[in-house]
Amino acid sequence: MTLTPVMQQYMRIKSEHKNEVLFFRLGDFYEMFMEDAVEVSRLLNLTLTHKGTAPMCGIPYHASKVYISRLLRLGKKIVICEQVGDPKAKGLTERKVVETITPGTAVESEYLEGNSNNYLAALCVFRGKTGFAFIDVTTSSFCATSWNASDMTEQFPKELGRCSPKEMLLPQSLKNNGTVQSALEEYPGMSVSYYPDWDFNAELGYKKLCAQFKTASLQPFGLTETSCEVPAAGFLLDYLEKTTNSPVPHVSGIKTYHDSQYLIIDDSSRRNLEIVENLRDSSNQFTLLECVNYAETAMGNRMIRQWLLYPLTDKGKIEARQNHVSLFVDNRTLMEHVRKNLASVLDVERLAGRIAMDRAHAKDLQALRSSLVAWLTVREELSEYDFAEIDAQKAVEIIDLIQNAIMDEPSTALTEGGIIRTGWSEELDHWRDVHDNFDKILSEYEAEERERTGISTLRIKYTNAFGYFIEVSKGKLSSVPENFIMRRALVNGDRYTTARLQELEHELNEAGTRILELERDLFLEVRTKLHDYVPYLMQTAAEIACTDAACSFAQAACIHGWVRPVITEDRRFYVTAARHPVVENHLPKGEFVPNDLCISADDDEKPSFGLITGPNMAGKSTYLRQNALISLLAQIGSFVPAKTAEIGIADRIFCRVGASDNLARGESTFLVEMTETANILRSATDRSLVIMDEVGRGTSTEDGLSIAWAVSEYLLNTVRCRTLFATHYHELTRIEHPNMELLCMDVAEQGGKITFLRKIKTGASENSYGIHVARLAGIPQAVIDRANVILEHIQSVAENKPVLDSVPEYEEKTVLQNQTVPSPCAPGLFSDEEIILDEILSADTDNMTPISALQLVARWKKALSGR
Ligand code: ADP
């Protein structure tokens, strides 16, 4: 079948962009064909039509941004192909790819979320180590870190989860790496691309980074030629420049960081604690972020998110943040003023990025000006305190420049005029005068000629055929001066022109075009002048963000009645009347029951380990999490929901709660639980805070109890960290250890009616009240009655068999830090066959649709054949 010339053109261009969706301009539409059309019509719910036999779908070009942003969110890359030739000319219109937009390189505000960074990330393995780098080109934030290749299982999901990039670039060789792949599977909306390994080149990367940062070496950034971060970071820059088709001069450095600089929270703990995303729908509803975020600016929003994901471990730095928060808490009028002014500050950081990349339009500049004006007012208010450290002079210069050059309500288009303010350029003012006041100019000239010639009837007129001319009536022809050039003799009088009149007419014809050209050139001149201020603007943006974040924490503290925690370098955790920030927020005022906790891993006769028993629904999980969240809040410099708090800085927080299934990865609930527990036992130190909920639940009672017992002993004797351990195994209360305290949730029982008091108290819980909860949940009475009979029987049997009275003594053996850990599905722990067998046995075939049955079989087949 022969293709039409347009389709041939399409096929040629598409062949160069196989991995992107090609938006092909046809008249007023962007059309997509073949696989692109089929996929995009499905993703965006567009009507699929046909051109000849080729599937096709299209979108109006003027509405394209909406569709592009939806596709970007789905992880797609888009290539825009425009008509560059004259569409009215004969033959095939010339078309060219003019822009590539990818999720991680997009810079238009329509494609970005104001409250989070838009990261592009790269990962590579170099000399046995893994380098991970990520950049947000819109804000110039560029970071890198590294880890031993053998730590990929913990490190990659943790780093990926923290920066949650929109786009990820990887070397081809990692395509078959199971650990990398299963981490990536958690982010289905992320765009992932593979490039040849040699693109991640250390030597070229090093040169590229030095050239970008204008430094002779990368020493100022803590990197050498052999650092594994270099190939990843270098490739990122290269990809960015090629994709955006513009340099990124505002990217002036890279921040390298290592685990010890921040409080480490592994991937599953971060998820479990619902810090910035909830477990239900990944939104920020019911998260810690929601409780502390009262930021007025997009920069403040991003900063708070960043602080939550990278909590500090340095006492001085934490206290510096706390001091700022305290200042606002103690002076609420000041806080209100500052917040009011911050509300008028737009995204200075991204505006600066747009200026640097020559993408800013005139409205952006006005937005920058008004934001800086508002910021200077804030600075003025805060002048007595140590908030703003950089000089305000440059902000004033920027404000003056924009104020003098740019109109108040300028056009966003570059070529339509309406940008430059009167008085900025004499030349522009002249042309505008010609354009706007031509009648006045003409009548002045007319009066001038009348006076010079003495011809009182002399008139300047205009016809379409002639243009402008001077008309002299018959009776006055003798007074016509020599410089009048005859154009035409008529019955009543003659028509003339003069050099001056011709010049005026020429100027009038020119004025329109000259104005547009000049406005454009003058605007570009102003924007280029602002390039020099970009580093200053980035610093200013950081100051605005920190001020906004501190104000936001103060606002949270005032609204929720939080207190400033005392930060110490010891290993205590003392809180009184503490609350769960999120649960309290969503309960009617006063309903949340506050609780204390006093644990310490120092030798100060306080317990380090709290073993919490109590019925389901009593509030155990809430209590566990609230203490982890308080520790985290304290380490980001925030106040905490408690009456008093003394928090010893933790190096890591582990939060193993609930049993999260990951059958999609072929991992059983119990396997996930054990993998996470293994990680805690291997990585926790005496400075860590460990929160464990119901360990061992996913297996048989004997197994589960034995594991929970052994894990508790290991944490108590060997790791010696602050631990809260909730369990339904009452037998664990028989562990005797000086550092262990038995805690339980108080329950009032009266006349067979149970009330959960949500109050923690010392001692072990006597009853699990599981059957009571089952009744609350609506289990039929007949089943409840039968359960009570069975329970009584089991209890009487157990009383006669005190199996746990003679557990052999604990013998200390350390888990080696570098002990190789089998990957989740590796032989030795569970084989694929075992996992699949387990799935077959637990499959609910009665309620399964044929299609899900087929999908299951296909997955098993894949798992077994890929071995
Ligand atoms: P458990 O882990 O013991 O099963 P949860 O922590 O899940 O119990 O809490 C059960 C319910 O009790 C939740 O709905 C929670 O909102 C509420 N709750 C928990 N702790 C408190 C508290 N201290 N004050 C008020 N309500 C609470």
For the subset of the range 585-631 comprising residues that are among the basic types (Lys, Arg) and crowded, with 19+ Cβ neighbours inside 10 Å, which member is nearest to the ligand (Cβ to nearest atom)? Lys620
Can you find even one residue in the range 54-64 that is open to solvent by 80 Å² or more (accessible area, probe 1.4 Å) and either part of a helix (DSSP H, G or I) or among the polar types (S, T, N, Q) (or both)? yes
Has the range 83-90 got any residue that is charged (D, E, K, R), surrounded by fewer than 18 Cβ atoms within 10 Å (Cβ to Cβ) and within 30 Å of Tyr206 (Cα to Cα)? no
Among the residues that make up the range 618-632, is at least one of them within 23 Å of the chain's Cα centre (by Cα) and either under 29 Å from Val325 (Cα atoms) or not assigned by TED's automatic domain parsing to the domain that holds Leu742 (or both)? yes
Could you say which residue among Arg42, Arg12, Arg25 is of a type in the set (D, E, K, R), in the same structural domain as Thr93 (by TED's automatic domain parsing), in a helix (DSSP H, G or I) and more than 27 Å from Tyr195 (Cβ to Cβ)? Arg42
Need at least 3 residues that are under 23 Å from His361 (Cα atoms) per element, so show me which strands (runs of 3 or more DSSP E) inside the range 73-144 make the cut, counting only ones lying wholly within it. 78-83, 95-101
When only residues in the range 356-394 that are polar (S, T, N, Q) and farther than 21 Å from Ala298 by Cα count, which is modelled with the highest pLDDT? Gln393
Hits in the range 154-194 - residues which are in contact with a helix residue (DSSP H, G or I) (Cβ under 8 Å, 6 or more places away or on another chain) and outside any helix (DSSP H, G or I): Lys166, Met168, Leu169, Leu170, Pro171, Asn177, Glu186, Tyr187, Gly189, Met190, Val192, Tyr194
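Can you tell me which residues in the range 247-263 are in contact with a helix residue (DSSP H, G or I) (Cβ under 9 Å, 6 or more places away or on another chain) and either under 30 Å from Thr215 (Cβ atoms) or free of Cβ contacts under 8 Å to residues at least 40 places away in the same chain (or both)? Steps first, please.
Filtering the range 247-263 down to residues in contact with a helix residue (DSSP H, G or I) (Cβ under 9 Å, 6 or more places away or on another chain) leaves 247-256, 259, 262-263.
Passing the criteria: Pro247, Val248, Pro249, His250, Val251, Ser252, Gly253, Ile254, Lys255, Thr256, Asp259, Tyr262.
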Applying the selection to the range 533-561, what residues are within 16 Å of the ligand (Cβ to nearest atom) and buried (at least 16 other Cβ atoms within 10 Å of the Cβ)? His560
Which condition number does Ile612 fail, the rest of (1) of a type in the set (Val, Ile, Thr); (2) over 28 Å from Glu736 (Cα atoms); (3) outside any loop (DSSP other than H, G, I, E, B) being met? (2)
Scope the range 195-225; condition under 18 Å from His258 (Cα atoms), in contact with a strand residue (DSSP E or B) (Cβ under 8 Å, 6 or more places away or on another chain) and not in a helix (DSSP H, G or I); matching residues: Gly222, Leu223
Can you name every residue in the range 763-797 that is within 20 Å of Ala618 (Cα to Cα), open to solvent by 60 Å² or more (accessible area, probe 1.4 Å) and either charged (D, E, K, R) or at pLDDT 80 or above (or both)? Glu766, Arg775
Tell me, please, whether a residue that is within 30 Å of Glu110 (Cβ to Cβ), in a helix (DSSP H, G or I) and not aromatic (Phe, Trp, Tyr) can be found in the range 308-326. yes
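Picking from Val582, Val575, which residue would you name as being within 16 Å of the ligand (Cβ to nearest atom), open to solvent by less than 20 Å² (accessible area, probe 1.4 Å), within 19 Å of Ser688 (Cβ to Cβ) and under 34 Å from the mean Cα position of the chain (by Cα)?
On the way: Val582 fails: within 19 Å of Ser688 (Cβ to Cβ).
Every option except Val575 fails the conditions.
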Do any residues in the range 427-444 that are acidic (Asp, Glu) have Cβ atoms under 8 Å from those of residues that are loosely packed, with under 12 Cβ neighbours inside 10 Å and not in a helix (DSSP H, G or I), where the two are at least six apart or on different chains, and which pairs are they? Asp429/Thr422; Asp429/Gly423
Glu451: passes all of (1) in contact with a helix residue (DSSP H, G or I) (Cβ under 8 Å, 6 or more places away or on another chain); (2) open to solvent by 30 Å² or more (accessible area, probe 1.4 Å); (3) modelled with pLDDT of 90 or more but (1)
Go over the candidates Asp494, Asp436 one by one and state the one that is in the same structural domain as Ala511 (by TED's automatic domain parsing) and within 30 Å of Glu517 (Cβ to Cβ). Asp436
Please go through the range 404-435 and pick out each residue that is exposed (fewer than 14 other Cβ atoms within 10 Å of the Cβ), under 35 Å from the mean Cα position of the chain (by Cα) and of a type in the set (Gly, Ala, Ser). Ala413
Does the range 394-403 include one or more residues that are surrounded by fewer than 16 Cβ atoms within 10 Å (Cβ to Cβ), more than 24 Å from Glu517 (Cα to Cα) and free of Cβ contacts under 8 Å to residues at least 60 places away in the same chain? yes
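The values are calculated or read from the model by the stated rules, or taken from the named source; none is laboratory data. Note that this is a predicted model, so its numbers are computed, not measured. Note that we place each Cβ from the backbone using ideal geometry, even for glycine, and neighbour counts take in every protein chain shown. Accessible surface is based on the protein model in full, side chains and every heavy atom, while ligands, DNA and RNA are left aside. Shrake-Rupley method; radii C 1.70, N 1.55, O 1.52, S 1.80 Å.
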